[in-house]
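Student: Structure in structure tokens, see below.
Bear in mind these aren't lab numbers, they're just calculated from the coordinates by the rules spelled out. Just so it is clear, the model here is predicted, and its values are computed rather than measured. Heads up, the Cβs are rebuilt from the backbone with ideal geometry, glycines too, and the neighbour counts pull from every protein chain shown.
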Amino acid sequence: MPAQWNLLYVNPQSLNFANRQGSARNITVKVQFMNGEDPNNAMPVIFGKSSCADFAKEAYTTVVYHNRSPDFHDEIKIKLPASLSDHHHILFTFYHISCQQKQNTPLETPVGYTWIPMLQNGRLRTGHFCLPVSLEKPPQSYSVLSPDVALPGMKWVDNHRGVFNVEVVSVSTIHTQDQYLDKFFALVHALDEHTFPVRIGDMRIMENNLEAELKSSLAALNSSQLEPVVRFLHLLLDKLVLLVVRPPVIAGQIVNLGQASFEVMASIVNRLHKYLDTSQDMHGRNGLLSSYIHYVFRLPSTDPNSPSPDPNSSVTGPGGLGGSMHYATMARSAVRPASLNLNRSRSLSNSNPDISGTPTSPDDEVRSIIGSKAMERSGNRMSSHTESTSFLQTLTGRLPTKKLFHEELALQWVVSSGSVREGALQQAWFFFELMVKSIIHHLYFTERLESPRKNRFPERFMDDITALVSTIAGDIVSRFQKDLEMVERLNTSLAFFLNDLLSVMDRGFVFTLIRAYWKQVSTKLYALQNPTLESLRLDFLRIVCSHEHYVTLNLPCSLLTPPASPSPSVSSATSQSSGFSTNVQDQKIANMFELSVPFREQHFLAGLVLSELSVILDPENEGMFGLHKKVVSVVHNLLSSHDSDPRYADPEVKARVAMLYLPLIGIVMETLPLLHDFTESHNQWGRPGCPQGAAMGSSGEEAEGEANSLINQTVAAAIAGTATPTPMSRPSSFLLNSQASRPHGSFSAESSRSLLICLLWVLKNADELVLQKWFTDLSVSQLNRLLDLLYLCVSCFEYKGKKAFERMNSLTFKKSKDMKAKLEEAILGSIGARQEMVRRSRGQLERSPSGSAFGSQENLRWRKDMTHWRQNSEKMDKSHRSVRTRAELEHEALIDGNLATEANLTILDTLEIVVQTVSVTESKESILGGVLKVLLHSMACNQSALYLQHCFATQRALVSKFPELLFEEETEQCADLCLRLLRSCSSSIGTIRAHASASLYLLMRQNFEIGNNFARVKMQVTMSLSSLVGTSQNFNEEFLRRSLKTILTYAEEDLELRETTFPDQVQDLVFNLHMILSDTVKMKEHQEDPEMLIDLMFRIAKGYQTSPDLRLTWLQNMAGKHSERNNHAEAAQCLVHSAALVAEYLSMLEDRKYLPVGCVTFQNISSNVLEESAVSDDVVSPDEEGICSGKYFTEIGLVGLLEQGASSFSMAGMYEAVNEVYKVLIPIHEANRDAKKLATIHGKLQEAFGKIVHQSTGWERMFGTYFRVGFYGSKLGDLDEQEFVYKEPAITKLAEISHRLEGFYGERFGEDQVEVIKDSNPVDKCKLDPNKAFVQITYVEPYFDTYEMKDRITYFDKNYNLRRFVYCTPFTLDGRAHGDLHEQYKRKTILTTSHAFPYIKTRINIIHKEEIISTPIEVAIEDMQKKTQELAFATHQDPADAKMLQMVLQGSVGTTVNQGPLEVAQVFLSEIPSDPKLYRHHNKLRLCFKDFTKRCEDALRKNKSLIGPDQKEYQRELERNYHRLKEALQPLINRKIPQLYKPVLQVNAHRDSFSRMSLRKLDI
């Protein structure tokens, strides 16, 4: 209860003495609180000001100077006495204060008096008063009258008008200041004291009309103000409860006020909820009401020390209602009977009078008989008094027993109707909790907590409860679509009520109530498949199952002793762990793993939970999609609570608990296709949602796992952010979309993960023998489905590492900032911000028709005595906090690691059970293959050392028991196993290396023992190592060498096989592996040099020319590296080479006409592919053991490689090559009549050719830029004096590649040790510094002879299959690079590479170099031809480009161009050359100029048609320049060399001399 207050605040406001005669200007008011009329009766109750006494007898207002109508601003605070009489009043005395004091004149002169009596008709007077002021002291007995009454002989200011305004305000916990409450409390007090008549205001209520007044007073309570109701709420409710429990006796009659009191209660509770909506807790309960139930409410006249207390002694215990009232235990006479105390001390049982103790007096006997008859009456049971109270009075002199509050409450609720019932339903939680508290108090105070539950309550009460639950269930079913929010609250309240009843009532009875609810909802669901109703039932079930004795309620141990069980179905579900011999027992096993009738009867609540799970997760039940997360969380939370419950820590007990959930395994197996596919991406369940997540689910916060690893599910939820459940308004569309893309789409990652945790918990804790027996009964397909499920579990619980958590942390931080921005917007915005925040606080926003899946109210009770929810909210705050500390992140990573280990060990145990089960059956091959698949998959994931030790042991046992499985049937998995073991052999952890080495050695030994040769393992190990070193980033060759040494030692010390070839073969293998590792070391050194790395991989692949499997592996490694660097053309070439290699060996294996003949078929794709021909002497036969055994050396493998190749060509923009690849593929699909694949291919071809058409100019797809790079200097090792052509991405500038190579080699050798040669002249190595490394880089262009240009028409043709490149170097004979026109020579260098671009490498060695030197006139001819071509291109460009045309024209006819066309003509055409050898060049240049002038004229004409009016002057200027140029060129162009027009023979002679003179230099 709050602290007691009883204060009065007096505020004098204004005074009007304008009409008062005499001097009254400087006015002050003295305020006194009087308890009589004598001046000495002033009470010291006025709070003093600072530096004064605590309490004073009087207080003065501030003096207002020279004002006859002053305003006052003072407040006087008064402490009211607890008990007021009619003589208490406030006295106001008005004084005039003299400012200049004269002799014999007092300082203050009284100028008026007025007062306010404190009580009026027994009520405190407060409010605004306008009081008349008396000029004289009030007469005797004035205090009981109001100054408004005109007393005779008194003088008043202004003719008795009101001249003084004052306000009186009370803050009191004693005075209600509400007329309705006052009246109610006065009437109840009158009943209590038995004082009649009652005076209320002007009314005098006699006893004969007290009943009517009491009833009207109860009804009028609805009109009372809310503030006093809140202040006096606890007292008000106490009095109402008392009226229900003890019907008052008025005029000798018992007045039944139960119904009226119930109505008022319902009304008050609803008013509080409506108007005090901000003071509700997280479950929507009003704080005042819940604190009343929790702290204040007690049954009347109960005392913890005395089960049957004396009603005459006032009960002053906490919240006691007082026992001195004259209610139905007392006659009207003022004198109480002497036997009363005795009789009350041995009262009847409060719930059933038939089972009373032995009566101790005739009174008791009579009361017992009458009471029991009253109970048996089938009529109106509104009260237990008989029809003739006078008869009783005659017998006993008093009236019968008190009632029990919970019984009366249940009865009133059942019989209520209309608005009263509606009000009770709106706030059902209050009445349910009140009822439960009353029941518990009753049981405690009557010492019945130890008595049998069936005898605790009378049948009529149980009938009322049954009726109540039934009608409320009916309300839920009928109203959930109209008023969902109310129904949600009602449903939750009912569930908590039944949960509470499980603790105090007969559990069988409560189960019947639950079943009644269940049936009503099921009937409705059958008619109307509505997810909202299903969600409500799920909420109900979740709350009921949160009972502390949930496990015990399910009778988990009854299977051990069937006869003792109360349920007839027990024997059918009995399971002895000794053995499973008979058919009857087989049936029992099936019952334990299915939701059979015996199971549901035996384990009632668990059966309901699992039935609900089964219904909602049913793949065909599309409408329930939005509830997946919610139902999974219910099961998850139950298992979490069992796991962390110390009562079930013992493994045997835990096995019994797990038995309650055995059908879960079958349910999850059914939903496998709908689960989230964790194998697709290891990041999708990711944290921080979650997106998916994230809504942050708090449902999985409890621990799951062994004692050493408590699994905090914030790990799974942080993603949380998010994953919010799909709104139920459109579940079907969501489901259809997801199914259209793939079947694994219906479950979110978070739900799937929670469900799999539940599955693993059951598998971990269930009895192994029971599981084994069940596995025996399962079909092959069911067992395979179980293995698929375990495979999914491995991916789901893979350890992600700390980095994943840090990444999630940064995402969460970003999300929290976004949320903060939204919140600020809501607070600062004007539209409904407050309402939105209020609604949030009530949790309305979290609710959706499907129920707030994983919402904060998901797994917690709103029980007062449990602070569990508080911890939970703290956890939620923690997970929502924007940034988590490093320590928290490390803790989460540790938890995740422990969970991964625990999950995988559980999976391993289950695999062991499966192997034991199927090893004796005929269908073991298919199952064992699945077991091996799961085992290998777990090895491939990140695992702890602890798990791997056990995993290798299991793997060794499996291979040892079933060797033929690995080497004959599951060959693919043999390769996989070798790779996993080798990876573990390179581990940095010693124990893992030891186990992996042992496993690998035993694998070789096993293979050898089968056929005196372990070619398969040898081949697979070599391939695996190649694959490992080619792809793994964190591969450690030093550790692997140690492991290989261990294997060698095993072989040398193996006594059984010492005489065989086995040790030598192992030695050869280890030697081979060491060689690969050496190459790997080099690759490691060049990890940062992509070209060198690819060269090394190329070299290793070339070394495996005779070993097709390994060459294929390395080609694929190279393809992977190229794809990483976006070199799609090179990746495509690697794949084409791989396909050619496969085709070559396939043609040896099987002669099928539709398959490619070999490499020759691929020539059109690339000329390089012929190097894959298998024609050398040492080519292995594909028939040999272990050769060409990989999955690619099949028709399907070939098709896969070609499809990948086509895809890479498409990404590289080489659509013409895509066509060539499909030319090889189409015959294969045609032969297989695969119309679907053919349709896809032709679709892709259409797409490719469409892109070729749209990008016909070629500028849209740049294929690459080429550079010649020469390396000089001994520092460079293998690269010294090597020259390459590098292929770089399109539009790479010379400066870019120069910067890259200089930076790379500078970092390697030191910046001052590397130098880039800037020119492209031949390098003389003797002149270079021997201590430095030199790199020469030159831009080169593809070079084609004239005859080649006929075939290379398109842009693609000119950029594909390139082997020759050219670059030009200008020079003069005196050594300068540039000179005058007549002395400018040019050197053309033509380079030939060993292979054509694009190739499987991005740099190719130069194998041939040729130089052509052009004379000055030849240089001039080339320049003029180039200029003419530019003009022609600009003129005929479509669409026309005026700017480009003008630029070319300006460069051709502009007057300011140095070394322009005119100067070239003047230098070379002004005179006929003296050397006859140059005649032909002279003539050719002349003809070039002729063509040039024609092109200039065409260009000018074209430009004239393009320009606007503003450029006409510019056009005229260009034309003038052109005419000047033409005139200057005319004589030079027209001058012919007569010698050239002589007979043909002489021309030939000239030609010969020219060819002899040609300056050609070959350099090979």
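Student: Evaluate the Debye formula for region 247-303 with equal point scatterers sitting on the alpha carbons, no solvent, and hand back log10 of I(q)/I(0) at q = 0.16 Å⁻¹, in q order, two decimals.
Tutor: -0.68
Student: So what's the Cα pair-distance distribution over region 1039-1118, bin width 10 Å, in %?
Tutor: 17, 37, 29, 14, 3
Student: If the convex hull of the alpha-carbon atoms of region 53-149 is projected onto planes in all directions, what is the mean projected area in square nanometres? Don't skip to the answer; put the middle values down first.
Tutor: Working: hull surface 34.1 nm².
Result: 8.5 nm².
Student: Beyond 18 Å between alpha-carbons counts as too far, so tell me which of LYS1350/LYS1388; LYS1121/LYS1287; LYS482/LYS524; LYS933/LYS961; LYS630/LYS800; LYS1426/LYS1536 fall in that bin.
Tutor: LYS1350/LYS1388; LYS630/LYS800; LYS1426/LYS1536
Student: Further question: How far is it, in nm, from the label point at ARG1300 to the one at TYR65 when both lie 7 Å from their Cα along the line to the Cβ?
Tutor: Spacing of the two 7 Å Cα→Cβ label points: 9.4 nm.
Student: So, in nm, how far is label ARG460 from label THR885 when the simple model puts each one 7 Å beyond its Cα toward the Cβ?
Tutor: A separation of 6.4 nm, rounded to one decimal place.
Student: In whole Hz, with x marking every Gly and Pro, tabulate ³J(HN,Hα) for region 1527-1533 from phi via Karplus 6.51 cos²θ - 1.76 cosθ + 1.60, θ = phi - 60°.
Tutor: Calculated HN-Hα couplings, in order: 5, 5, 7, 3, x, 6, 6 Hz.
Student: Answer rounded, prolate or oblate for region 1-61, using the Cα gyration tensor with square roots of eigenvalues a ≥ b ≥ c: rounded when a/c is under 1.5, else prolate when a/b is larger than b/c, else oblate. It would help to have the intermediate numbers written out before the result.
Tutor: Details: a/c = 2.16, a/b = 1.90, b/c = 1.14.
In terms of gyration-tensor shape, prolate.
Student: Would you please report the Å³ per residue occupied by the convex hull of the alpha carbon atoms in region 962-1092?
Tutor: Numbers: hull volume 13.3 nm³, N = 131.
Spread over its residues, the Cα hull of region 962-1092 gives 102 Å³ apiece.
Student: With the radius of gyration and the Kirkwood radius both derived from the Cα set of region 505-555, what is their ratio Rg to Rh? If you can, show how the numbers build up before the last one.
Tutor: On the way: Rg = 12.4 Å, Rh = 12.0 Å.
Dividing the radius of gyration by the Kirkwood radius yields 1.03.
Student: Something else: Report the equivalent ellipsoid semi-axes for region 1469-1540 in whole Å, largest first, defined as the square roots of five times the eigenvalues of the gyration tensor built from alpha carbon atoms.
Tutor: Values: eigenvalues 225, 25, 10 Å².
Ellipsoid half-lengths, sorted descending, are 34, 11, 7 Å.
Student: Ok, one more. Cα convex hull of region 1304-1380: mean projected area in nm², to one decimal? Numbers along the way, then the final one.
Tutor: On the way: hull surface 35.4 nm².
For region 1304-1380, the mean projected area of the Cα convex hull comes to 8.8 nm².
Student: Also, quick follow-up: Working out 0.36 nm times the residue gap between CYS1326 and LEU1055, then minus their Cα-Cα distance, what length gain in nm do you get to one decimal? Let's see the in-between values first.
Tutor: On the way: separation 271, 0.36 × 271 = 97.56 nm, distance 6.36 nm.
In short, 91.2 nm is gained.
Student: I would also like to ask the following. Counting alpha carbon pairs within less than 8 Å and at least 6 residues apart, what relative contact order, in whole percent, applies to region 1365-1502? Kindly include the intermediate steps, with their values, before the conclusion.
Tutor: Details: 158 pairs, mean separation 30.1, N = 138.
Once divided by the residue count of region 1365-1502, the mean separation gives 22 percent.
Student: Count charges around LEU1469 for me, please; just the other residues with Cβ under 13 Å from its Cβ, Lys/Arg as +1, Asp/Glu as -1. Provide the component values of the computation, followed by the final result.
Tutor: On the way: positive: LYS1484, ARG1486, LYS1490, ARG1535, LYS1536; negative: GLU1463, GLU1471.
Result for the local shell: +3.
Student: Return a whole-number percent for the relative contact order of region 1040-1120, with Cα pairs under 8 Å and 6 or more residues apart as the contact set. Could you put the intermediate results ahead of the total?
Tutor: Numbers: 38 pairs, mean separation 13.8, N = 81.
Relative CO of region 1040-1120 lands at 17 percent.
Student: Also, I was wondering about something else. Give me the net charge of GLU1088's neighbourhood, meaning all other residues with Cβ under 15 Å from the Cβ of GLU1088; Lys, Arg count +1, Asp, Glu -1.
Tutor: On the way: positive: LYS1082, LYS1084, LYS1121, ARG1125, ARG1300, ARG1308; negative: GLU1085, ASP1089, GLU1091, ASP1095, GLU1124, GLU1302, GLU1307.
Neighbour charge sum, excluding GLU1088 itself: -1.
Student: With an 8 Å cut-off on Cα pairs and a minimum separation of 6 or more residues, tell me the relative contact order of region 1191-1298 in percent. Don't skip to the end; give the middle numbers.
Tutor: Details: 88 pairs, mean separation 19.3, N = 108.
Relative contact order of region 1191-1298: 18 percent.
Student: A further question on this structure: If you wrap a convex hull around the C-alpha atoms of region 462-525 and split its volume per residue, what is the figure in Å³? Before the final figure, lay out the partial values.
Tutor: Numbers: hull volume 4.4 nm³, N = 64.
Dividing the Cα hull volume of region 462-525 by its residues yields 69 Å³.
Student: Right, here's the next one. Expressed as a fraction of 2.2 N^0.38 Å, the rule-of-thumb size for a compact globular protein of N residues, what is the C-alpha radius of gyration of region 402-453?
Tutor: Details: Rg = 12.9 Å, N = 52, 2.2 N^0.38 = 9.9 Å.
Normalised Rg, Cα atoms only: 1.31.
Student: Under the rule a/c < 1.5 gives rounded, and otherwise a/b versus b/c splits prolate from oblate, where does region 1277-1410 land using the Cα gyration tensor?
Tutor: On the way: a/c = 2.01, a/b = 1.19, b/c = 1.69.
Oblate, since a/c reaches 1.5 and b/c is not below a/b.
Student: Let me ask something else about it. Run the simple label-point estimate for SER1505 and ALA53 please: 7 Å along Cα→C-beta, distance reported in nm.
Tutor: In this crude spin-label approximation the distance works out to 12.0 nm.
Student: Under the rule a/c < 1.5 gives rounded, and otherwise a/b versus b/c splits prolate from oblate, where does region 1076-1149 land using the Cα gyration tensor? Please report the intermediate quantities before stating the final value.
Tutor: Values: a/c = 3.31, a/b = 1.42, b/c = 2.33.
Judged from the Cα gyration tensor, region 1076-1149 comes out oblate (a/c at least 1.5, b/c at or above a/b).
Student: Then there's this: Would you please give the residues with an amide H less than 5 Å from that of LEU595, counting only those at least 5 places away or on a separate chain, with H modeled from the backbone geometry?
Tutor: Here the answer is none, since no amide H 5 or more places off falls under 5 Å of that of LEU595.
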